[in-house]
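These notes concern the structure reproduced below.
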Amino acid sequence: MPVPSYDHIPARWSDLTRELDAWAAAGRQATFWWRDDDATRPGPALDRLLKIVDARPISLAVIPAGATSGLARVVDENPNIAVLQHGYSHANHAPDGEKKSEFGAHRPLQTMLQEVAEGREQLTSLFGSRFLSVFVPPWNRLADLVAAELGTCGVLAVSAFGRRNPGATPRRLNCHIDIVNWRGDRGFLGTGAVLDALVSLLTEFRTSSAKNTEPVGLLTHHRDHDEGCWQFLEDLMTVSADHPGAHWISATAGIADG
């Protein structure tokens, strides 16, 4: 996400409201979808996340090797949850000095595809029809040679980070807004920085001449949130929940839209 200059005035909640007002005035709705990564088990942080989400759709990117029956019970009790496949064990296989990656070009292709297939079987067994065969590569990194073969494992789509390539195979349903400052203290990135990125993206999509724009993807990590993260999410839901210019959609709808 862009880093504001020193003379830049960070966006405020009123700026987001005005942008959504502009969507509504044009007779349109900005579409959002929500992906939360690294889910494996129930707990207070997941409970807090789901309370904020309320009945809106959310996708939990679940790590197959760590997924528990307790999480399956939570999913079963919340029909607004979809389960996506978050790698296999979320293990880093990149050599020292390279960016972390579980499914980079560092291991034999067949080994990685076997893990994808095994992870898919585990999630299907635990979550049944609530599992949507969308592959979320850990650290949002995926080698092209792996992506090209994911369809052979039954993968319908890939979800990573950043603007998607409309012609990619499998299709993409990406996230664009990450609220955690991974390069800093790993706490909340800050209201101004996150809203800057969000309002800028919404304005670009609204004014674009392109006929099809992708849903805006919110990326969270409930196990890593500090109070700043939680407060931002509560405020975002307050601003967007009932606004006529905003619409939260499921991952299933997002894939269909792509």
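The values are calculated or read from the model by the stated rules, or taken from the named source; none is laboratory data. Treat the numbers as computed from the prediction; the structure is a model and nothing was measured. Glycine also receives a Cβ, built like all others from the backbone with ideal geometry; neighbour counts cover every protein chain displayed. Accessible surface is based on the protein model in full, side chains and every heavy atom, while ligands, DNA and RNA are left aside. Shrake-Rupley method; radii C 1.70, N 1.55, O 1.52, S 1.80 Å.
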Requested in this report: For the stretch 62-148, take the alpha-carbon Rg, divide it by the Kirkwood Rh, and send me Rg/Rh.
Outcome: 1.01
Report summary line: With Cα coordinates, the longest principal axis of the chain makes an angle with the long axis of helix 109-127, in degrees rounded to 10, of 70 degrees
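Based on the Cα atoms of the stretch 168-251, what semi-axes does the equivalent ellipsoid have, where each is the square root of 5 times one gyration tensor eigenvalue, given in whole Å with the largest first? Before the final figure, lay out the partial values.
Details: eigenvalues 109, 53, 34 Å².
Semi-axis lengths for the stretch 168-251 are 23, 16, 13 Å.
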Query raised in the report: Fully extended, how many nm does the chain gain between Ala55 and Glu118 (0.36 nm per residue separation, minus their Cα-Cα distance)?
Result: 19.6 nm
Query raised in the report: Residues of the chain: accessible area per residue at 1.4 Å, in Å²?
Result: 47 Å²
Requested in this report: Take Ala143, project a point 7 Å from its Cα along the Cβ direction, then tell me which residues of the stretch 150-187 have their backbone nitrogen under 16 Å from it.
Outcome: 150-151
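Quick one, what does Rg over Rh come out to for the chain if you take C-alpha atoms and the Kirkwood Rh?
Numbers: Rg = 18.1 Å, Rh = 18.9 Å.
Here the Rg-to-Rh quotient is 0.96.
Go ahead and estimate [θ] at 222 nm for the chain from helices alone: -39,500 (n - 2.57) per DSSP H run with n ≥ 4, summed, over the residue count, rounded to 500. Could you put the intermediate results ahead of the total?
On the way: 8 runs with 93 residues, N = 258.
The helix contribution divided over the chain gives -11000 deg cm²/dmol.
Students often check this: by mean Cβ neighbours within 10 Å, which of 238-248, 33-43 ranks highest, and how do the rest follow? Kindly include the intermediate steps, with their values, before the conclusion.
Values: 238-248: 16.5, 33-43: 22.5.
Sorting 238-248, 33-43 by mean packing, highest first, produces 33-43, 238-248.
How large a share of the accessible area of the chain, in percent, is made up of carbon and sulfur atoms when the probe is 1.4 Å and the other protein chains stay in place? Write out the running numbers ahead of the final one.
Details: 5930 of 12160 Å².
Taking all protein chains in place, the chain shows 49 percent carbon and sulfur surface.
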Query raised in the report: Highest mean first, what order results for 105-115, 119-129 on Cβ atoms within 10 Å?
Result: 119-129, 105-115
Requested in this report: Round to the nearest 10 and report in Å² the accessible area of Phe161, as given by a 1.4 Å probe over the protein chains' heavy atoms.
Outcome: 80 Å²
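Sorted by mean Cβ packing within 10 Å, highest first, what order do the peptides 169-177, 88-96 take?
Working: 169-177: 21.0, 88-96: 14.2.
Taking the mean over residues of other Cβ atoms within 10 Å, the ranking is 169-177, 88-96.
Which whole-number percent gives the relative contact order of the stretch 1-145, counting Cα pairs below 8 Å spaced six or more residues apart? Before the final figure, lay out the partial values.
On the way: 185 pairs, mean separation 30.2, N = 145.
Relative contact order here is 21 percent.
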Query raised in the report: Roughly how many nanometres apart are two label points built 7 Å out from the Cα toward the Cβ at Glu204 and Thr17?
Result: 2.6 nm
Requested in this report: Restricting things to alpha carbons, tell me how big the stretch 1-85 is in terms of Rg and Dmax, in Å.
Outcome: 17.5, 51
